[in-house]
Amino acid sequence: MAYATHRNVVFSALADETRRDVFERLRSGPKSVAELARGLPVSRPAVSQHLKVLKEAGLVVDEAEGARRIYRIDPQGLGALRAWLDRFWDAALTAFKAEVEAGTEEESK
Amino acid sequence: MNKTIMPAPVRRAVTVKASQARAFEVFTSRIGAWWPKSHHIGKVEPETLVIEPRAGGRWFERAPDGTECDLGRVLTWEPPARLVLAWQLNPKFQYQADLITEVELRFIPDGAAATRVELEHRNLDRFGEGAAAMRDRIDAPRGWPMILNAYADAAGK
């Protein structure tokens, strides 16, 4: 059930044709934004935007190499799971905070 | 350069308006009151969740009929500052005894009346097989299997 949600995230991330091209280009190895943009009919900022979506979907990871960012396909294939855990713990900690603070208010009355 | 890239831990933090002791207390002994009800292992919604207050203890959900389902073990019990739980749930949200990922909680006083609670869920690489299984369950519409296979290839390296 929970997975339907991040499956949808993955699918919507790959629903865009240019984004699929960007993702496919990473198949041959890690690349910078400039390398990815080369040969694609879109601007570098547009490529960066696509990478941001792919990263949020957990499909790619990035790391700094000097002034550049190098992107690669998530090597562990854990992106979707990681994204799900991110959301799970967000929800859990938000609920925890509400519980702690509701109790605090009662105590101070 | 090291070619093996380990997945980064999931890190989350929240600041609560409560003392360190109270934050720890609510997190542990009242986990049943705040844990998201939408996520459970047993077939029915659990009545409560329990963290046994000692290293080596269990943490588990308890159904209304008394059935208990483990989420894992308590690895470190250091009230009111630190707690490490073994999250032994696979990506299908099922208990798996041989899968141990760690969830560390740090309760850091932020003035007298607030506490910053930092969470780190690590060892995500240990989910490897389960994550692959999850990936296999993804039904690729026409035209996408190639992309998902590429993803699987890269992930398998």
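Values in this text are rule-based calculations from the coordinates and carry no lab data. Since the structure is predicted, the reported quantities are computational estimates derived from the model, not experimental observations. We place every Cβ from the backbone using ideal geometry, glycine too, and count neighbours over all the protein chains shown.
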Relative exposure of B:Tyr95, A:Tyr71, judged by other C-beta atoms within 10 Å (fewest first): B:Tyr95, A:Tyr71
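Determine the shielding of peptide A:20-26 by partner chains: average, over its residues, the number of Cβ atoms on other chains within 10 angstrom of each Cβ.
Values: counts 5, 0, 0, 4, 3, 0, 3.
For this peptide, the per-residue mean of nearby foreign Cβ atoms is 2.
In which sequence would B:Arg122, A:Arg38 go, from the one with the fewest C-beta neighbours within 10 Å to the one with the most? Could the numbers behind the result be given before it?
On the way: B:Arg122 18, A:Arg38 12.
Fewest-to-most Cβ neighbours within 10 Å comes out as A:Arg38, B:Arg122.
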Estimated FRET transfer efficiency when R0 is 30 angstrom, pair A:Glu101-B:Ile100 (beta carbons, to 0.05): 0.40
